[in-house]
Amino acid sequence: MDNSEKQSTSNQEQKDIFDKMRAGETIRLDDHQYPKIHAVIKRTIKLNAKLNTSEDVKMIRKHLGEIIGSEIDASTIIFVPFYTNFGQFITLGKNVFINHACSFLDMGGITIEDHVLIGPKVNLVTENHPIDPNDRKSLICKPIVIKRNAWIGAAATILPGVTVGENSIVAAGAVVNADVPANTIVGGVPAKFIKNI
């Protein structure tokens, strides 16, 4: 290994594991910083229990705000149950509506812009694994962005790295593995263009 390779390896080891996650780098179980991820997950599991026993929308916002680390605007409504494994990489805009039983796996980052509607049982999954069976327990994370005024139908699944464009609709039950252009409707498995809005 030459000096430049050693320097690159050293920089990689010094880089914060959360920065590596957000950058889409492969995170392996033997990473010396992996316990930092487990600490966040442990905290989120505990806070999720409080969130999912909340009896009104105001308390739901309060507890989810604790999980994501920022105050949720009073115009945003979330129905429980709501599931997240990490929570700290979720950003919610104003006038967002999230229906029952949604699951946000957010290690790669999930951004929900203003006026978004999310139907029941929607899955936003930013986490993936390598194809190589010997490395499959590693994580590769890519962000999901749901742009302003989009509507995600019931039981749709949005996969890592996808952006859903402004005003677009994802039909119920769709599996979205590619970006959705603004002002379009997509549906199916995998999701395909249906029509313009």
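Here are a few things to note about the model shown:
- Protection proxy ranking, highest mean first, for peptides 132-138, 37-43: 37-43, 132-138, where packing is the per-residue count of other beta-carbon atoms within 10 Å, averaged.
- Compared with the dominant principal axis of the Cα atoms in the chain, helix 57-68 is inclined by about 20°.
- The residues of the range 18-134 expose, per residue, 50 Å² of accessible area to a 1.4 Å probe.
- Here the chain exposes an accessible surface that is 54 percent carbon and sulfur, computed with a 1.4 Å probe and the other protein chains kept in place.
- Against the chain, whose longest principal axis is taken from its Cα atoms, helix 34-51 shows a tilt of about 20°.
- Fraction in percent of alpha-carbon pairs per bin - 5 Å, the range 127-197: 4, 18, 25, 22, 11, 9, 7, 3, 1
- Cross-link reach is defined here as a Cα-Cα straight distance under 21 Å, omitting same-chain residues fewer than 8 places apart; for LYS147 the lysines meeting it are LYS94, LYS121, LYS192, LYS195.
The values are calculated or read from the model by the stated rules, or taken from the named source; none is laboratory data. These figures come from a predicted structure and were not determined experimentally. A quick note on method: Cβ atoms are made from the backbone with ideal geometry, for glycine too, and the neighbour counts reach across all protein chains shown. When the accessible area is computed, the model is the full protein with side chains, heavy atoms only, and any ligands, DNA or RNA have been set aside. Shrake-Rupley method; radii C 1.70, N 1.55, O 1.52, S 1.80 Å.
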